[in-house]
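Working notes for the structure below.
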Amino acid sequence: MFKLSFTNLIKINCIRTTLIATFASLKSLLLVIFCVFLISAPHAYAEAIKLETVLQQATKFNSTLIEIDLNQKASQVFIDQSNVSPNPQLSFFIIPTDKKNPYFRQTDRQVRIDQLIERGQKRELRTEIATALNQSIQINNQAVTRQVLTEATGLWIELKRAQAKLELAKQQIADAQKLAQSAQVRLKSGDISKLEYERIRIDTHRTEDEAKQTELNLKQAQLALAIHIGAQPTVAAKWWVQEAWENLSPTINIQALNELSNTDALSNLPEIKAAKQGIDLAEKKLYLARSQRNRDLTISAQLENQPNQGGSVVGLGVSIPLLIGNNYRGDILRAEVEIQQAHAQWMALLKQLQSQTAQLILKHAQLQERSTIIVTDLLASAQKSAQKVTLAYQTGIASLTDLLDAKRQAYQAQSEAIDVQADLAITRFTLEKLLTQAGLSTE
């Protein structure tokens, strides 16, 4: 019978430990390759969606832009409806003169025509009001279009944010699973305790759960963009933004940015122009209300055939309202109040835009400073710290708590860098569209 010596037992144990470590290393290598495939998989199967495509699609199929286009066409029809004269009214009467004759052989026949003649330039004023309303709608539609396209741009950047967060989460999963595989080998060799291994395994599960949430956020971002630009959700599920963060946002002219908060620059914005047009519209309504006191005339002509009286007679008549019960005082007062309301709305909108623009400029400055701190300083420091703590943990100098904290800080710094770059890009695009409509240079 073969007997194993103590030396042979040690050799067998060493070979066993080597095989286990080799197998674990192979599993870790395969796991890393699989995670790298997952990270690059969206690029292989996705469809690149560019900002130009998003804006073109939104311009054609956004429900809000379709609605305002229909409103503009309706206002044009209102001009045609206002620029018309009253129709004449034709009346015909048959009056029997012999009650005993059932066939109405002896009758009086009357033909009458009435024509209303408007005075006080009512027709011209109605046409001017309809034209001013159409112009106000056209100008306001420019502001609505800017807001819709700005929102479309923001949703496109949110898609980029969700993608970056998902890539970061998958990278975090790969690192966590690699650490878990290494911890399993060290547990079998007795380098770490069972409690320490369980902590690593729990942290891995937590990372996987967070990745599921980021994947859900990506699907929601794709769906939100599809709904806004009128695309099919099935098509949006393949969208992927390929632009890098440094090439994503436009450059802002600081001098033009400082001029944007001035009243003169803001007065060029279409919403302010539309508010001013609203004042002009209210004034024209006041003129129309006052013109109601100019009495309209109704001219009548009548031809009456009276056989019993020996033939036909022609009559002419004029009717005019007396304005005893209604002198249109209420309509005039209401029009005067509407002028005051239009002035108040214009001033309130101007102050609101001044406040919003100032806040947007301040937010841009803060985000620019924060981006510089996070991307160039905090992110690099956190990654270097994580690498040093990882090396210290492998040599037994650092504890597991130090390792997990360092990795969380590194991933948190990357997540904050993604957020600040996304927020900065959205703010810059918003300011760029404001500068363009205000007539200021964006370069």
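Computed as a quarter of the hull surface, the mean projected area of the alpha carbon convex hull for the stretch 303-443 stands at 22.5 nm².
Measuring gaps between exposed loop sites in the chain (chymotrypsin sites (Phe, Trp or Tyr not before Pro); DSSP loop; at most 12 other Cβ atoms within 10 Å), the longest gap, sites not included, is 105-443.
The number of Lys pairs in the stretch 276-411 with C-alpha atoms less than 20 Å apart, excluding pairs fewer than 8 positions apart on the same chain, is 6. Relative intensity of the stretch 126-204 on a log10 scale, I(q)/I(0) at q = 0.11, 0.15, 0.16 Å⁻¹, equals -0.57, -0.72, -0.76, per a Debye sum over C-alpha point scatterers of equal strength in the absence of solvent. In plain terms, the chain from Lys388 to Ser300 could stretch by 21.4 nm, reckoned as 0.36 nm per residue minus the Cα-Cα distance.
Based on Cα contacts under 8 Å between residues 6+ apart, the chain shows a relative contact order of 22 percent. Label separation (Thr53 vs Asn326): 5.9 nm, computed from points 7 Å beyond Cα along the C-beta direction.
Take the stretch 196-324 with all the other protein chains still there, run a 1.4 Å probe, and you get 56 Å² of accessible area per residue. Principal axis analysis of the Cα atoms in the stretch 160-261 yields extents of 67, 39, 22 Å, listed in decreasing size. Counting only Cα atoms, the chain measures 156, 61, 34 Å along its principal axes, largest extent leading. Surface composition of the stretch 166-324: carbon and sulfur atoms hold 51% of the protein heavy-atom accessible area at a 1.4 Å probe. Projected label points at Lys73 and His205, each 7 Å from Cα along the beta carbon direction, are separated by 6.0 nanometres. Computed on the stretch 203-282, the Cα convex hull volume stands at 214 Å³ per residue.
Spin-label model, Glu246/Thr234: points 7 Å from Cα along the beta carbon direction are separated by 4.1 nm.
Between Ile320, Ile254, Ile279, the Gaussian network model of the chain with springs among Cα atoms under 10 angstrom shows the greatest mean-square fluctuation at Ile320. Accessible area per residue for the stretch 53-168 is 60 Å², calculated with a 1.4 Å probe on protein heavy atoms, without ligands, DNA or RNA.
The values are calculated or read from the model by the stated rules, or taken from the named source; none is laboratory data. Not measured: the values here are computed from a predicted model. All Cβ positions, glycine included, derive from the backbone under ideal geometry; neighbour counts span all protein chains shown. Areas reflect the complete protein model, heavy atoms only, side chains present, ligands, DNA and RNA absent. Shrake-Rupley method; radii C 1.70, N 1.55, O 1.52, S 1.80 Å.
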